[in-house]
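The next block holds one structure in the form of structure tokens; read it before the comments.
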Amino acid sequence: MTTAGDDGTTGGHIAVVGHADLTPATLLLVEDALRARLARRPAPAVAMVRTGAGTPPASGRAARAAGCSLAVVIPTRIGVPAMPPRRDRMAAGELLTLADEVRLLTYDPAERDSCVGVDERLVAAGGLLLAVRDGSPSNGRDATAHLVTYARARGVPVEIVWPAGAAREAPPALHAER
């Protein structure tokens, strides 16, 4: 495994982003769909993901199964890897074991805008965006719609991945105050 610094990525790579609230069954469908798409890419293809639960580990497993290299972006603070939020720790560990390359980028994994900024860097540096997206507009938490628009505005080709039968988790119910 190699490690790259805070200089981003190189062109021709494949950035993979997607909704964070996919059902467990959907993650399996997405993994299969991504594996099939990545297997069709000319070698040497490199899939790039930012650490996090949901789409990133499914993307990492798909990349490895398709014979692609995997570059994983992890957060740093002052040049030292930062601890991911609790919900992302197991996924980050799995991604690090799958990774061929680890890229250290300065961002706060607990802040949405910071994560979106890193995803924008991956998209801008890639030659293709694979977006696991159901077509819904941005809801203020999920930035997948924004990243698709961002890629298209920069001339980065976009392929939407949304297999038949895919679904997102229901949003948490709001409890009325008493």
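The values are calculated or read from the model by the stated rules, or taken from the named source; none is laboratory data. No experiment lies behind these values; they were computed from the predicted model shown. Glycine gets a Cβ as well: all are built from the backbone with ideal geometry, and neighbour counts include every protein chain shown. Remember, those area values only see protein heavy atoms, side chains included, never the ligands or the DNA or RNA. Shrake-Rupley method; radii C 1.70, N 1.55, O 1.52, S 1.80 Å.
Details
- Overall shape: oblate for region 45-109, with the ratio a/c of the largest to smallest alpha carbon gyration tensor axis at 1.5 or above and b/c at least equal to a/b.
- For Ala91, net neighbour charge (Lys/Arg +1, Asp/Glu -1) across residues whose Cβ lies under 15 Å away: +2
- When each of the peptides 145-154, 52-61 is scored by how many other beta carbons lie within 10 Å of its residues on average, the order from highest to lowest is 52-61, 145-154.
- Distance between the modelled labels on Ala167 and Asp134, one decimal in nanometres: 0.9 nm (7 Å Cα→Cβ projection).
- The length gained by stretching the chain between His146 and Ala110 to full extension, at 0.36 nm per residue less their Cα-Cα distance, is 11.1 nm.
- Amide H contacts of His19: Val132, each under 5 Å away and 5 or more positions distant or on a separate chain (H built 1.01 Å from N in the peptide plane; Pro and chain starts excluded).
- Solvent exposure of the chain, expressed per residue, is 51 Å² of accessible area, with all protein chains present and a 1.4 angstrom probe.
- Ordering of 91-98, 31-38 by packing [mean C-beta count within 10 Å, highest first]: 31-38, 91-98
- In this label model, Glu159 and Ala65 are separated by 1.5 nm, measuring between points 7 Å along each Cα→Cβ vector.
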